[in-house]
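Here the structure is laid out as structure tokens; the discussion comes afterwards.
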Amino acid sequence: MSLENINMLLKSDIDADLKIIAQKVINRERISFDEGVTLYKKGELTFVGALANYIRERKHGDNTYFNKNFHVEPTNICVFDCKFCAYSKLLRAKTDYDAWELTEEQIVDKVKSYEGTAVTEVHIVGGVHPKMGLHYFANIIKKIKEVRPDIHVKAFTAVELEYMCRKAKVSYREGLQILKDHGQNSLPGGGAEIFAEAIREEICKDKCTSDQWLEIHQTAHEIGMPSNATMLYGHIESFEDRIDHMNRLRELQDKTGGFNTFIPLKYRNGNNQMSYVSEVSVVEDLKNYAIARIYMDNFPHLKAYWPMIGRDTAQISLSFGVNDIDGTIDDTTKIYSMAGAEEQNPAMTTEQLVKMIKQVNRKPVERDSVYNIIKDYTNEFEDEKVAAY
Ligand code: V47
Ligand code: SF4
């Protein structure tokens with residue numbers, strides 16, 4: 001969407017509040033909390049989409065990022081009891097056939113199994129297991145780096161980190177520094193859920209608080225570890241709660257500049273204690289991406305995590321503010337398949353990712369974990385017979 005088209009939108013018969021927001025976007029001005037809520041309440045999909053796409057192209061042109069990654073989920077045993085989680089098995093259910101605990105050797109072997117492949121990142125998150133503590137994981141990260149010194153280790157949500165630091169009786173700064181010294185490079189964005197305390201109390205009351213989540217990410221940024229941020233949306237939260245969530249992140253980003261990517265995560269209602277809550281529509285998903293792109297002006301990237309949202313919506317989201325679709329994954333995560341997402345065995349080849357991006361006339365670019373460009377795939381996979389990685 002060009003500036004001309006946006007200007008035409010301004011001349012059209014749209015609501016006066018929306019006009020003010022569009023003008024602010026053109027002027028590169030930040031929109032307020034109330035204006036964010038107005039976008040949810042009054043902004044139609046085509047309107048918010050046009051603004052978000054304009055911002056996306058201003059920031060990144062057609063570049064659409066993906067990476068070559070895999071996940072390690074050390075365990076799905078968890079001391080916490082989030083109502084939306086289909087994944088965790090409480091300690092008492094340890095003997096369940098579908099509960100798992102990987103040994104140190106199994107985790108390191110998993111990384112070894114990628115020897116000779118072009119993966120650049122391992123994403124390590126799981127349930128919060130009382131016996132898998134800070135020093136246990138620090139040692140595993142060290143071993144991973146011995147096997148694969150070049151790999152970027154993005155590991156542990158703030159929920160896992162809060163528990164690890166508490167059990168090890170160290171401050172967040174000390175705990176994060178130990179992990180960094182052993183080779184951890186960054187933090188993923190999980191565990192944020194929704195910061196509004198009343199909703200958090202309803203859906204995940206026993207795990208780290210919103211303030212703790214934010215403090216852990218702030219501390220990580222201060223010691224030179226970048227991170228991502230997520231928002232679990234489409235359950236019992238209000239539009240005000242979503243803007244409140246984004247606002248707290250926007251404020252922290254103003255202080256530290258340490259966030260790379262914002263990742264809205266659609267609530268999936270399969271096999272959990274909140275299954276009675278319906279999932280929101282695709283239109284709502286796209287509006288949410290667009291409003292996030294408009295509101296989070298200081299976040300460089302907006303990611304549609306395809307194993308959760310599905311390939312089709314991820315592809316369409318590239319016209320609604322999104323400029324990153326995460327990675328190859330290689331069927332190494334279970335969180336979303338267990339919660340009812342379409343992708344039961346999430347894995348995409350580089351060729352599939354590249355074609356998916358090219359089909360909507362964007363430019364496929366492989367990135368590393370901190371968004372340095374590894375390779376532009378514009379001229380790749382033109383021939384159907386070219387082998388995938
Ligand atoms: O914190 C759990 C979410 C998150 C459900 O940083 C659910 O690059 C929807 O954070 N419906 C963990 N969501 C995953 C995560 C993540 C994923 C991909 C990339 C990155 C990154 C981070 O999964 C949890 C929670 O918010 N989640 N259950 C569910 N039923
Ligand atoms: Fe445990 Fe994470 Fe599931 Fe909550 S979302 S129960 S912290 S695995």
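Residues of the range 208-233 being in contact with an Asp or Glu (Cβ under 8 Å, 6 or more places away or on another chain) and more than 26 Å from GLY183 (Cβ to Cβ), which ones? Correct list: THR209, SER210, MET231, LEU232. Note on the range 330-370: residues that are within 12 Å of ligand 1 (Cβ to nearest atom) and either closer than 25 Å to SER275 by Cβ or modelled with pLDDT under 80 (or both) total 11. Among the numbered conditions (1) more than 20 Å from LYS303 (Cα to Cα); (2) among the aliphatic types (A, V, I, L, M); (3) part of a helix (DSSP H, G or I), the only one that ILE14 does not meet is (3).
The set of residues in the range 47-64 being open to solvent by 20 Å² or more (accessible area, probe 1.4 Å) and either in contact (Cβ under 8 Å) with a residue 24 or more places away in the chain or more than 15 Å from LEU3 (Cα to Cα) (or both) consists of TYR54, GLU57, LYS59, HIS60, GLY61, ASP62, ASN63. Restricting ILE263, ILE236 to those that are over 19 Å from the mean Cα position of the chain (by Cα), open to solvent by 10 Å² or more (accessible area, probe 1.4 Å) and in contact (Cβ under 8 Å) with a residue 12 or more places away in the chain reduces the list to ILE236. Does the range 68-77 hold any residues that are open to solvent by 10 Å² or more (accessible area, probe 1.4 Å) and either away from ligand 1 (no atom under 11 Å from the Cβ) or β-branched (Val, Ile, Thr) (or both), and which are they? Across the range 68-77, the qualifying residue is only LYS68.
Answer yes if at least one residue in the range 103-120 is within 20 Å of the chain's Cα centre (by Cα) and at pLDDT 95 or above, and no otherwise. Scanning the range 103-120, I find at least one residue that is within 20 Å of the chain's Cα centre (by Cα) and at pLDDT 95 or above, so the answer is yes. Residues that are modelled with pLDDT of 95 or more and out of contact with any Cys (no Cβ under 7 Å at 6 or more places or on another chain): does the range 91-99 have at least one? Within the range 91-99, not a single residue is modelled with pLDDT of 95 or more and out of contact with any Cys (no Cβ under 7 Å at 6 or more places or on another chain). Taking helices (runs of 4 or more DSSP H) as the structural unit, those lying wholly within the range 306-373 and holding at least 1 residues that are open to solvent by 30 Å² or more (accessible area, probe 1.4 Å) and either under 21 Å from GLU121 (Cα atoms) or of a type in the set (Lys, Arg) (or both) correspond to 311-317, 335-338, 350-359. Filtering the range 63-83 to residues that are of a type in the set (A, V, I, L, M, F, W, C) and not in a loop (DSSP other than H, G, I, E, B) leaves PHE66, PHE70, VAL72, ILE77. Does at least one position in the range 273-282 carry a residue that is more than 11 Å from ligand 1 (Cβ to nearest atom), surrounded by 20 or more Cβ atoms within 10 Å (Cβ to Cβ), closer than 22 Å to LYS41 by Cβ and without any contact (Cβ under 8 Å) to a residue 60 or more places away in the chain? There is no residue in the range 273-282 that is more than 11 Å from ligand 1 (Cβ to nearest atom), surrounded by 20 or more Cβ atoms within 10 Å (Cβ to Cβ), closer than 22 Å to LYS41 by Cβ and without any contact (Cβ under 8 Å) to a residue 60 or more places away in the chain.
Here's the yes/no breakdown for (1) closer than 18 Å to TYR305 by Cβ; (2) of a type outside the set (D, E, K, R):
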{"residue": "HIS60", "(1), (2)": "yes, yes"}
{"residue": "ASN67", "(1), (2)": "yes, yes"}
{"residue": "VAL128", "(1), (2)": "no, yes"}
{"residue": "GLU160", "(1), (2)": "no, no"}
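The values are calculated or read from the model by the stated rules, or taken from the named source; none is laboratory data. Computed from a prediction, not measured in an experiment: that's the story for all the values here. As a convention, Cβ positions derive from the backbone with ideal geometry for all residues, glycine included, and neighbour counts pool all protein chains shown. Heavy atoms of the whole protein, side chains included, go into the accessibility calculation; ligands, DNA and RNA do not. Shrake-Rupley method; radii C 1.70, N 1.55, O 1.52, S 1.80 Å.
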